[in-house]
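S.K.: Let me give you the structure first, and then I'll get to my questions.
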Amino acid sequence: EDQVTQSPEALRLQEGESSSLNCSYTVSGLRGLFWYRQDPGKGPEFLFTLYSAGEEKEKERLKATLTKKESFLHITAPKPEDSATYLCAVQARSSNTGKLIFGQGTTLQVKP
Amino acid sequence: DVKVTQSSRYLVKRTGEKVFLECVQDMDHENMFWYRQDPGLGLRLIYFSYDVKMKEKGDIPEGYSVSREKKERFSLILESASTNQTSMYLCASSLYPGTSGTQYFGPGTRLTVT
């Protein structure tokens, strides 16, 4: 069964304290892996798409990496405005609907 | 920038009412999706449309129907709302034909059924 597991569930950091969020996945052929940011009461905001192992993408303080079994979202010197829930999702090659399989998310709190 | 809009941010309806949730995207995307998001259950796909008048069931289609009369608009219909349909509803769209491509989400509609 296709599955996505994110860890930790919650993460508290001090401003400037770098860390990483993990997304482990099991899928029968990966079409793509997606990272989203979601603020409370709002829809997910697209961050990155990764397609193959070894690929990396960066945006401001965020860097996403991909291996054959997991993806990491590295946050360098975070600021309070980076506080949000970060969602990881995969799209399987076997899917005939294009649906994304989401993890439960990691809720990040960055304290000043 | 891709823009996906949803007709309401908050909606309160009574049990048994027929409810329409509308979604509009302005980027000529082929695919559109409806998800619901519940604490502890994550996002789950309700229905998917890959072309005008074409639709596919997702993981939890029971109690819902959809309509796509125009490419830019995708409606979710709750034929007879029930309290277990209280949830956050999210619409998304993606560019490419078929099943691949990044999905862009709307702001969500928080539906409460009393």
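Quick note: the coordinates plus some simple rules give every number you see, no bench work behind them. None of the values given here were measured: they were computed from a predicted structure. Cβ placement follows ideal geometry from the backbone for every residue including glycine, while neighbour counts extend to all protein chains displayed.
S.K.: Once you've got the GNM for chain A with C-alpha springs shorter than 10 Å, pick whichever of A:Ser83, A:Ser95, A:Ser71 has the biggest mean-square fluctuation.
M.R.: Among A:Ser83, A:Ser95, A:Ser71, the largest GNM mean-square fluctuation belongs to A:Ser95.
S.K.: Could you work out the percent of alpha carbon pairs in chain A separated by over 17 Å, rounded to a whole number?
M.R.: 50 percent
S.K.: On to the next question. Report the FRET efficiency, 1/(1 + (r/R0)^6), for A:Lys42 and B:Asp51, where r is their Cβ-Cβ distance and R0 is 25 Å, rounded to 0.05. The partial results should precede the final answer.
M.R.: Details: r = 29 Å, r/R0 = 1.14.
Approximately 0.30, to the nearest 0.05.
S.K.: May I ask you to order B:50-56, A:63-69, B:104-110 by the average number of other C-beta atoms within 10 Å around their residues, highest value first?
M.R.: The densest-packed peptide leads the list: B:104-110, A:63-69, B:50-56.
S.K.: Something else: Would you please give the residues with an amide H less than 5 Å from that of A:Leu13, counting only those at least 5 places away or on a separate chain, with H modeled from the backbone geometry?
M.R.: Residues meeting the criterion, in which the H sits 1.01 Å from N, are A:Gln109, A:Val110, A:Lys111.
S.K.: Sequence-distant or interchain residues sharing an amide H contact under 5 Å with A:Ser19, placed H: which?
M.R.: A:Ile75, A:Ala77
S.K.: Going down the list A:Lys42/A:Lys99; B:Lys3/B:Lys71; A:Lys59/B:Lys71; A:Lys69/B:Lys55, which pairs span over 22 Å between their C-alpha atoms?
M.R.: With Cα atoms farther than 22 Å apart: A:Lys59/B:Lys71; A:Lys69/B:Lys55.
S.K.: A further question follows. How many partner chain Cβ atoms sit within 10 Å of a residue's Cβ in peptide A:98-109, on average, as a whole number? Don't skip to the end; give the middle numbers.
M.R.: Numbers: counts 19, 13, 8, 5, 7, 2, 5, 3, 0, 0, 0, 0.
Rounded to a whole number, the mean comes out at 5.
S.K.: Counting just the Cα atoms, what span does chain B cover along each of its three principal axes? Round to the nearest Å and put the largest first.
M.R.: The Cα atoms of chain B stretch 38, 25, 24 Å along their principal axes.
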